[in-house]
Each structure stands twice: as structure tokens, then as C-alpha cells.
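We did not get these values from a lab; they are worked out from the coordinates using the rules stated. Nothing here was measured: the structure is a model prediction, and the numbers come from that model. No Cβ is skipped: glycine too gets one built from the backbone with ideal geometry, and neighbour counts run over all protein chains shown.
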2 protein chains.
Amino acid sequence: MSLDALSLRPIGVVRTPFHEKFGIPRQGGVVDEVRAVVELRPPYDREEAWRGIEGFSHLWLITWFHAGKGERGLTVRPPRLGGNVRLGVFATRAPYRPNPLGLSLVRLEAVEQTGCGVRLVVRGADLLDGTPLLDVKPYLPYADALPEAAGGFAPDAPEARLEVVWSDTARQQCAQWAKVHPDLPALVEALLARDPRPAYQQEAPGRIYGIRLYDLDVRWSVADGEVLIIEIVSQAGAPPTAP
Amino acid sequence: MSLDALSLRPIGVVRTPFHEKFGIPRQGGVVDEVRAVVELRPPYDREEAWRGIEGFSHLWLITWFHAGKGERGLTVRPPRLGGNVRLGVFATRAPYRPNPLGLSLVRLEAVEQTGCGVRLVVRGADLLDGTPLLDVKPYLPYADALPEAAGGFAPDAPEARLEVVWSDTARQQCAQWAKVHPDLPALVEALLARDPRPAYQQEAPGRIYGIRLYDLDVRWSVADGEVLIIEIVSQAGAPPTAP
């Protein structure tokens, strides 16, 4: 086996609302409310490189898990299994992998031709902001869609099982921030309804959690099957100002 | 954008019947008769790296298109469109890509524990023999199966539309070679029924084509909607010998 090291160069980066791992959906396509922008570097931002892409509703993004600084062992503990069962890394989609390649299925919302070249707007990304992009391939339903496949330890989508309740404060803050980030209210509800807490923390009612979205810190807690959104403040701590 | 070159190291290679590009199915999973073996390099051949994989019926192989020495432009001419329509490279699954990453969906047939470590037997590979393997991920039907997705210029699987007829010579030869390669008869029929000729050559009846499978050369021609298998000879030209 001649298996020398291979070299890749990113074709662009993916811009997402996620500035830390906590709260990111665990697969692409699961939370359509996540809007992301694929920014391309020259020459891949030319129209001709994307000719025909509009005919496809969904795309594969192959990315580089750039935030992984942790252990890269042969086994991982999937959060889905409560964090206390070890599986082989290749039996999971964990980001800590021998070659840290990500595979994300997203919905193509728009191909935008800007003054700076083409960019793609996609839905359902499960990626940190700034993730390097290595390749984009069209989703081919005749080859890629196998609804009857056996899905091992993750046969079904995690259920959206929590009701989301807004405090008056959070609702007013969100309305202000939504002038900058129109997707914010739907995004917050979709993410929190799916309960991003690791399984082993789901017995800690009353604890206050934070998710960073864009430049905001969304603070929330869980009790009696409900998520209460407490407040949404900027990273700098500044409250939203009325226009 | 900080987009430095990234380095990958193959975790193994994929062994397939295909020694040249002509005749390889154009997507993974389309021709289940193709049997391939995933050979892993240490330490990825340890059982623990694959613990839990048996629960999944299908796997993604992320590979390196190692045979691509041709042009890597921004557009390609998909064989499916007859080779005379240019599309953006990212709107296709063409192997000539800025980063030559392959994405193949295969069916997991067996996880074999040999004296030399774990290897995987898979079905439906669309890869050249010896293709470097970068990653394996389980297929998650809840996230990956979108049968209603829009498939652009390739909405449906290419039809198996040719009848396959064996010459007496080819049938006898195949029976002999099948002692070494038990899959050979079904593999030959499945590949040729799908008509591997490029669309622009489908008006050349009587022409003799060859497909290399394993160490064999399968010679065939097409007329009146039928594939005639003429002979199956070894690369060295030796006829099969009766045992």
C-alpha cells in the first residue's frame, strides 16, 4: 500500500450562526432553520463552477473539522448514547476522527451572484462558523436516498420533545436582535426544542445554560419538560437598543 | 479566510474488480454485484475502531481519486449528458475536482476479523482498485435519506436496458474463471446490462469493447439492443484451463 500523505486546499468557508460546539445540531439537514452561507475563494466563486447546481435541492458539503484539538482515539462516546458507551470512531459521525472530514447534507436555498462572485445560501448546516470547505457535491436521490437502510445506534431523528417558553424579557430582546438576524426567533425555538443538553445532564433542572448564536448569548433553563428562554444578550453584554 | 493547505493520510485502500475507469458504475450502490474489500492500515484495522458498525447496513466511503491526472477545470462534461454539455464541476460528481475527494455509498456485507486485523467486505463500490480511503462514516437514514430531493440533470438511475447474451466460448470461459472469482458471471451481466458505453458512442454497433475486471479482459459488442459477450481472457492472453 502506497499511502503517502495527501494535500488539500479549502475551496471556501461556511458561515453559520454557531460560534461554539454546544447547541449545534448533530447532523446536517435536521434543523432547517439554520441558515448558512458558503463563501468561496477564487476561482471557485465563478459562475461557471456552479452551472447546473440550481437543479438540485440538496448538497453535500465535505468539510474540515477545524476546531478539533482533542483526542483522536479509535473509539468515541456518542452523546446520543449518554456519553458512557464507547463505539468505534468509524461507527459514528463524531468530529474527532483520524482524518477530520465532515459530511453535511444541506438544502440549497439560493445561489447568489454578488459583486464578489458566487456564494451559496444553504439550510440545515451542522457546522461551526468558519469551517473550511473542501468540496461540494450534488445530492443524487436515486443513489443517495436509502430510507430502508439500517441506522445502527441512531435509527431515528432525535425527537423535538421540549416546549419552548419565552420570558417577557427574552421576547423583547429577540424582537430587537431579529432586525439584524431575521432567522433568530425560529432558530432559537428549533434548536432549544431539540434539547441540546448532553444526555447525562438532563437530570439537572434549574441549571442555566447558554448557547452562542451569532454574536449573542441565549440563556435558558429546563424544567418540567419546558425550555424557558431567560434572556438574549450580546457577547459584549449590551442590551438591544430600540431603533 | 485562513485557508492553508491541509494534510490527510489514508486509513486504507479499497480493493475492487476495476483496473481501469471504463465500465465502473457512475455512483456507489448502483451495482450491488460489485464486491469490494476495504483493507485498513494499522491501527485502523483494530476491532475497537469498528465497534458498532455491524448495526449499519450502509456506509459512506470518502476516498481520494488517485487516478486523476487530467485537467481540473471549473467545468466538466458529464457522460450522462452525452459528453457535450458543460456543467460546473460542483454541480456534478465528476472525479476531476479541485480537491479530488470521492463519496461512495456502499452496502456493508461483512466485517471480517482476519489474522491481519479487521477488513470490511462491501457491495456497490464505484471505485478503481487501490483507491486510497480517507474516512468511513455510517449511513444515517434519518438524516441522509431524502427520496424527494430534486436530482438536477440526474434525477433517476440509469436504466438497465440491454439484454445480455453470452457466446458459447464466453460462457465456458466464465465458468472457469468463476472458480477464482465467484461473482464474475453476475458482475459481468450487471455491468454490461447498464451499457457502460459513453452516450456519444452508442451509435457504433458492431464495435468490440473491452472491460478489465480483476485480471481479465471481457470483450463484448452491442447490436439491436443486446450485448453479446464474446470472450473472457486473461490479461496475459491465456485461456482458462480446465481443472
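Can you give the longest stretch of chain A with no exposed loop site, where a site means GluC sites (Glu not before Pro) in a DSSP loop (not H, G, I, E or B) with at most 14 other C-beta atoms within 10 Å?
Values: sites that count: A:E20, A:E71, A:E148, A:E159, A:E203.
Counting at most 14 other Cβ atoms within 10 Å as exposed, the longest clean stretch of chain A is A:72-147.
Rounded to whole Å and sorted largest first, list the principal axis extents of the Cα atoms in the range A:12-144.
Computed over the Cα atoms, the extents are 48, 32, 26 Å.
Using the scaling law 2.2 N^0.38 Å as the reference, what is the normalised Cα Rg of the range A:163-234?
1.04
Of the listed peptides B:55-65, A:133-143, B:207-217, what is their order by residue-averaged count of other C-beta atoms within 10 Å, with the highest listed first? Please list the in-between numbers first.
Working: B:55-65: 21.5, A:133-143: 23.6, B:207-217: 17.5.
Sorting B:55-65, A:133-143, B:207-217 by mean packing, highest first, produces A:133-143, B:55-65, B:207-217.
Averaging sequence separations of C-alpha pairs under 8 Å and six or more residues apart, then dividing by the length of the range A:12-144, give the relative contact order as a whole percent.
43 percent
Please say if the protein assembly as shown is rounded, prolate or oblate, where rounded means a/c under 1.5 for a ≥ b ≥ c the square roots of the C-alpha gyration tensor eigenvalues, and otherwise the choice is prolate for a/b larger than b/c and oblate otherwise?
prolate
If you wrap a convex hull around the alpha carbons of chain A, what volume per residue comes out, as a whole number of Å³?
167 Å³
Please name whichever of A:L6, A:P79, A:L103 sits farthest to the positive end of the charge dipole of the protein assembly as shown, dipole taken about the Cα centre and charges placed at Cβ: Lys and Arg +1, Asp and Glu -1.
Towards the positive end, the residue furthest out is A:L6.
So what is the relative contact order of chain A, in percent, for Cα pairs below 8 Å that sit 6 or more residues apart? Kindly include the intermediate steps, with their values, before the conclusion.
On the way: 451 pairs, mean separation 61.1, N = 243.
Once divided by the residue count of chain A, the mean separation gives 25 percent.
If you look for lysine pairs in the protein assembly as shown that are eight or more places apart or on different chains, how many of them have Cα atoms under 26 Å apart?
Taking the protein assembly as shown as the scope, the lysine pair count is 11.
Taking each residue of A:78-90 in turn, how many C-beta atoms of other protein chains fall within 10 Å of its C-beta, and what is the average?
Working: counts 1, 0, 0, 1, 0, 0, 0, 2, 3, 8, 13, 9, 17.
If you average over the peptide's residues, the count of other-chain Cβ atoms is 4.
Explain nothing, just the number: relative contact order of the range B:131-214, from Cα pairs under 8 Å at least 6 residues apart, as a whole percent. It would help to have the intermediate numbers written out before the result.
Values: 22 pairs, mean separation 25.5, N = 84.
Computed value for the range B:131-214: 30 percent relative contact order.
In peptide B:45-55, what is the residue-averaged number of other protein chain Cβ atoms found within 10 Å of each Cβ?
Whole-number average of other-chain Cβ neighbours for B:45-55 is 6.
Which of the trypsin sites (Lys or Arg not before Pro) across the range B:30-97 are loop residues per DSSP, with 12 or fewer other Cβ within 10 Å? Please report the intermediate quantities before stating the final value.
On the way: sites: B:R35, B:R46, B:R51, B:K69, B:R72, B:R80, B:R86, B:R93; in loops: B:R46, B:R51, B:K69, B:R72, B:R86, B:R93.
Answer by residue number: B:K69.
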